[in-house]
Amino acid sequence: MRVVLVLLHRWFGLGVAVFLFISGATGAIISWDHELDALLNPTLFHAGSAVAGGFSGTPRPGLELANIVEAKEPTLRVTYVLTESEPGHTIPMMVEPRLDPATGKPYALGYNQIAVDPVSADIQGRRMWGAISLSRENLLPFLYKLHYTMHLPEVGGIELGIWLMGLVGIVWALDCFIALWLSFPNWKSWRKSFAFRWKEGGHKLNFDLHRSGGVWVWILLLILAVTSVSMNLDRQVMRPIIKVFSTVTPTAFDTRVPVAADKVAQPKITREQVVRMASEEGRRRGFEVPAGGVFYSSMFGLYGVGFFAPGNDHGDIGLGNAWLYYDAATGKPEGAKIPGTGSAGDLFMQAQFPLHSGRILGVPGRILISLMGAMVAMLSVTGVAIWLRKRQARVRQKIKAMEQARAAAPQVTAKAKAEARDEGNAGGGQSASLS
């Protein structure tokens with residue numbers, strides 16, 4: 001049994017090592033993606049009209065700014081906007097191209113994100129979020145998307161990167177249990193599985209870093225592995241598994257079929273209307289924070305309104321922000337995501353991103369996830385190093401055996417020739433006596 005598990009651990013580990021190294025290294029960085037992005041790209045985040053403690057003029061509401069932007073740029077549609085700006089900050093907006101009436105195809109924008117000054121309504125910056133580029137404005141989005149897709153393309157409607165990293169997560173989760181079993185060969189020497197031979201260094205320390213390091217943070221590694229499957233293969237893998245044990249409420253997107261980009265319809269309900277409806281519903285539900293942002297999914301014909309205070313649009317602690325969903329054609333309510341409510345399966349699914357990002361614990365959780373990202377990268381490197389060392393040892397042993405065989409070959413040949421010669425002489429004597 002142990003021999004089989006060793007082989008599985010070896011080939012599982014080698015199969016996912018490169019992907020886990022990249023994912024771990026990028027994960028350590030993107031735990032702070034918004035802060036680092038703002039540091040690298042101040043024009044995208046800090047409003048030109050900002051002064052100490054606020055703005056040099058009266059900031060406009062985000063919905064008004066979105067209308068101004070669409071009037072200035074008729075080829076685009078704002079798909080996400082904050083309702084209010086954070087003091088001194090721009091209002092970020094996600095955008096998509098409208099359909100060109102002449103061709104029936106979407107316009108070519110060349111960007112999908114803009115930053116707007118809340119006072120002047122000027123567009124301070126534009127970029128294509130997720131572009132394969134190491135330029136300053138694209139670096140953090142590039143690393144973020146690399147983390148969970150490896151920037152592999154979509155082929156035939158299949159998101160190869162999403163599927164690949166989801167499968168890597170499955171292998172990783174299985175290997176967590178195999179590695180734990182192998183780390184405790186017997187209970188008499190269990191302390192060795194927690195120890196580090198710092199003074200001895202070399203391959204012994206490398207081995208301890210891989211084995212003992214993994215044992216110390218095993219439960220966190222398993223959480224990262226499972227949540228990575230949830231992030232990438234939610235509907236394909238995780239929800240069907242959870243439904244075996246608990247009911248899971250369908251999301252607003254689960255009940256709809258997306259349309260092609262050149263088939264999207266103009267929403268009949270405005271952003272202002274949907275925010276007003278959501279705000280009324282939020283008050284009825286007792287939400288303590290305002291409607292902080294609204295997005296429009298043209299492919300699904302859905303609006304989503306999130307509830308959060310300015311600056312907390314990322315859901316910095318707990319299970320995240322509450323969202324209400326509405327049909328973009330009729331304004332009919334299409335479901336909600338209210339953190340902390342629902343079945344056990346709903347709560348499990350709500351916890352996946354907060355756990356994976358560490359935001360469930362706020363800043364301390366994000367620090368922990370950064371450290372875990374570095375740990376995952378280290379375990380990948382030390383695992384490959386252990387395999388290389390053992391492989392080199394096997395190669396040396398094989399070469400030595402071959403050399404010994406070659407050295408013994410002349411002696412064997414000489415002995416065989418001597419025996420043949422003796423047998424020939426004996427046979428000749430016999431023939432002479434018989435004649």
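Overview of values
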| quantity | calculated |
| --- | --- |
| Average silhouette area of the range 152-193, convex hull of alpha-carbon atoms, in square nanometres | 3.5 |
| Percent of alpha-carbon pairs separated by more than 23 Å within the range 270-396 | 50 |
| Kirkwood Rh in Å, taken over all unlike Cα pairs in the range 247-292 | 13.5 |
| Two-site label geometry, LYS263 and VAL395: point separation in nm, points 7 Å out along Cα→Cβ | 5.5 |
| Sorted peptide list for 186-195, 18-27, 39-48, criterion being average Cβ within 10 angstrom, highest first | 18-27, 39-48, 186-195 |
| Å² per residue, accessible surface of the range 118-244 at 1.4 Å | 55 |
| Accessible surface of the range 203-291 [probe 1.4 Å, protein heavy atoms]: carbon and sulfur percent | 61 |
| Set of lysines near LYS268 by C-alpha distance (under 26 Å), chain-local residues within fewer than 8 positions excluded | LYS72, LYS105, LYS332, LYS337 |
| At least 24 Å along the helix axis (C-alpha) and Kyte average at least 0.5, DSSP helices within the chain | 2-30, 160-183 |
| For GLY335, distant residues with modelled amide H under 5 Å away | TYR325 |
| For THR79, distant residues with modelled amide H under 5 Å away | MET94, VAL95, GLU96 |
| As computed over the range 142-274, the Cα convex hull volume per residue (Å³) | 213 |
| Charged-residue dipole, Cβ positions (Lys, Arg, Asp, Glu), the range 143-258 about Cα centre, Debye nearest 20 | 540 |
| Surface share of carbon and sulfur [accessible, 1.4 angstrom probe, percent] for the range 301-369 | 68 |
| For GLY311, net neighbour charge (Lys/Arg +1, Asp/Glu -1) across residues whose Cβ lies under 10 Å away | -4 |
| Three-way shape label, the range 98-173, alpha-carbon gyration tensor, a/c 1.5 | oblate |
| Proportion of all alpha-carbon pairs of the range 203-255 beyond 12 Å (%) | 73 |
| Long-range amide H partners of GLY125 with built H, under 5 Å | ALA115 |
| Computed P(r) (all Cα pairs; the range 8-52; 10 Å bins; percent) | 23, 28, 20, 15, 9, 4 |
| Stokes-Einstein D for the range 36-186, Kirkwood Rh over Cα pairs, 25 °C, 0.890 mPa s (µm²/s) | 135 |
| Where the range 360-407 is the region considered: accessible area per residue in Å², 1.4 Å probe | 65 |
| In order through the range 108-121: 3J(HN,Hα) via Karplus (6.51 cos²θ - 1.76 cosθ + 1.60), integer Hz, x for Gly, Pro | 8, 8, x, 7, 9, 9, 9, 10, 10, 6, x, 8, 8, 6 |
| Karplus 3J(HN,Hα) series, Hz, for the range 243-254 with 6.51 cos²θ - 1.76 cosθ + 1.60 (x for Gly, Pro) | 5, 5, 9, 7, 6, 10, 5, x, 7, 4, 7, 5 |
| For the chain, Kirkwood radius (reciprocal of mean inverse C-alpha pair distance, Å) | 26.0 |
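The values are calculated or read from the model by the stated rules, or taken from the named source; none is laboratory data. Bear in mind that the values here come from a model prediction, so they are computed numbers and not experimental data. Positions of Cβ are backbone-derived with ideal geometry, glycine not excepted, and every protein chain shown enters the neighbour counts. The protein model used for the area step is the full one, side chains on, heavy atoms only, and it has no ligands, DNA or RNA in it. Shrake-Rupley method; radii C 1.70, N 1.55, O 1.52, S 1.80 Å.
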